[in-house]
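A short write-up of the structure that comes next.
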Amino acid sequence: MKFNRVVIKVGSALVSPEKNGCSGKYISAIAAFISKCQEQNKEVILVSSGSVAAGRHLIQHGSPIPSIPTKQAMASVGQMQMMANWQRFFDVPCSQLLITHGDLKDRERYINIKNTLRILLANGIIPIVNENDTVATDELKVGDNDNLAALVALVSEADCLLILSDIDGVYNKDPRSNNDAVMINEIAEITDEIYAMAGTTNNPIATGGMKTKIQAAEKAVENGIETYILNGTNSRVFDKILAGENPGTHFLANQSVSKAKKSWLKHTLKSHGQLLIDSGAVNAVKNKGASLLPSGIVSIQGTFLAGESLDIIDASNNTLIGKGICQYNHQDLYKIKGENSEKIQEILGFCLSKVVVHRDDMVVM
């Protein structure tokens, strides 16, 4: 098992094994694993469930199934408890990101999330992501943190997704009621048959079962992200991961992350405009693997929003040299084109990014 940037999803059963408040019973070993990953220069993003469970004992409720407002109140107070519980196991700072499906669907917010994660990782900080349960309505909710973790893996361009729960992996039948159930170590293709093996969760504080984990794996592998379902209650699992072994169920990625993204940029995204750039920028983009800066932009064509795809054109001969996702809309870009990146704040009053198209968001033809 090899990875450079990994998203680790931790289920409620690990954060709150007693289903009432936070515990270090399992997450201390997970935190130690994350620290070892960082020592090996691997980047880690954590997606943690458990805010409702963490706040459950602090909010009065008279039902084993609390109402939605009650659960939102539990999540509100529990989020603080959960973050404090994680931070105590790390010597490096943690950060909190609360997001909804609406944030991931909106182009500008999507690119802001990506930029925030990029900067946090560059500074050695551990981002801890959770769904913003206190404000999310049904139409804005992802619904479960398994699928949220897959979406975070896409936003962050991770090459690996680890889904940790209290189960060993995917079995050919429900191991809770079948003694002869056999775990599947490797799944090359997610079919209806695989989904048929998924049971439901017995955990009253959890929002997902095996089905949501398989859904998350499907999203990830289609975008080149190797995905594993693992038992986070067994500390030996983490030793095996660091040793390069597969201690659970491995969903094989269809292609590499870089190939998947380049294919998506090149063939799927529709261009909404053009950026004509000078010879210095052409050389930097084509031959030096550089991002596109505002100083290299000669002119702009089209109207577009931040987060939309644009063609990158060599202004000297009107040749298409690349395609990428723009950090600014056309109105703001008109104001900063040809300028030094250090002047963006002065000109616009804000600075979303010092680059117009980041190298990671660009494909060179």
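The values are calculated or read from the model by the stated rules, or taken from the named source; none is laboratory data. Computed from a predicted structure; not experimentally measured. Here Cβ is always computed from backbone atoms with ideal geometry, including for glycine, and neighbour counts include all displayed protein chains.
Quick one: is I344 over 27 Å from L154 (Cα atoms) and touching a residue at least 40 places away in the same chain (Cβ under 8 Å)? Give the derivation first.
Numbers: over 27 Å from L154 (Cα atoms): yes; touching a residue at least 40 places away in the same chain (Cβ under 8 Å): yes.
Yes: the conditions hold for I344.
Take the residues of segment 166-187 that are surrounded by fewer than 17 Cβ atoms within 10 Å (Cβ to Cβ) and of a type in the set (G, A, S): which is nearest to A216 (Cα to Cα)?
Applying the filter and picking the extreme gives A181.
Go through segment 53-64 and give me each residue that's farther than 18 Å from Q87 by Cα, in contact (Cβ under 8 Å) with a residue 40 or more places away in the chain and in contact with a helix residue (DSSP H, G or I) (Cβ under 9 Å, 6 or more places away or on another chain).
Initial filter on segment 53-64 (farther than 18 Å from Q87 by Cα): 56-64.
Pick out the ones that are also in contact (Cβ under 8 Å) with a residue 40 or more places away in the chain and you get 56, 64.
Once the filter is applied, which keeps residues that are farther than 18 Å from Q87 by Cα, in contact (Cβ under 8 Å) with a residue 40 or more places away in the chain and in contact with a helix residue (DSSP H, G or I) (Cβ under 9 Å, 6 or more places away or on another chain), segment 53-64 yields only R56.
Please go through segment 9-59 and give me each residue that is acidic (D, E) and under 18 Å from the mean Cα position of the chain (by Cα), ordered by number. Step through it out loud before you land on a result.
Going residue by residue through segment 9-59, those that are acidic (D, E) are 18, 39, 43.
Across segment 9-59, the qualifying residue is only E43.
Where in segment 304-365 are there strands (runs of 3 or more DSSP E), lying fully within it, with 1 or more residues that are among the aliphatic types (A, V, I, L, M) and over 28 Å from the mean Cα position of the chain (by Cα)?
Strands (runs of 3 or more DSSP E) meeting the threshold: 309-314, 319-325.
Would you pick out the residues in segment 269-294 that are closer than 14 Å to Y328 by Cβ and outside any strand (DSSP E or B)? Show your work before the answer.
Our first condition is that a residue be closer than 14 Å to Y328 by Cβ; within segment 269-294, this holds for 272-273, 275, 291-294.
If the condition is that a residue be closer than 14 Å to Y328 by Cβ and outside any strand (DSSP E or B), then S291, L293, P294 are the ones that fit.
Taking T233, is it among the hydroxyl-bearing types (S, T, Y) and modelled with pLDDT under 90?
No: the conditions fail for T233.
Scan K335, K354 and give me the residue that is among the basic types (K, R) and modelled with pLDDT of 95 or more. Talk me through it step by step, then tell me what you get.
Values: K354 fails: modelled with pLDDT of 95 or more.
Sole residue among the options that is among the basic types (K, R) and modelled with pLDDT of 95 or more: K335.
Can you tell me which of (1) at pLDDT below 95; (2) surrounded by fewer than 18 Cβ atoms within 10 Å (Cβ to Cβ); (3) outside any loop (DSSP other than H, G, I, E, B) is the one Q255 doesn't meet?
Looking at each condition in turn, Q255 falls short on (3).
Can you name the condition, by its number, that I300 falls short on among (1) assigned to a strand (DSSP E or B); (2) closer than 25 Å to I119 by Cβ?
With (1) assigned to a strand (DSSP E or B); (2) closer than 25 Å to I119 by Cβ applied to I300, the lone miss is (2).
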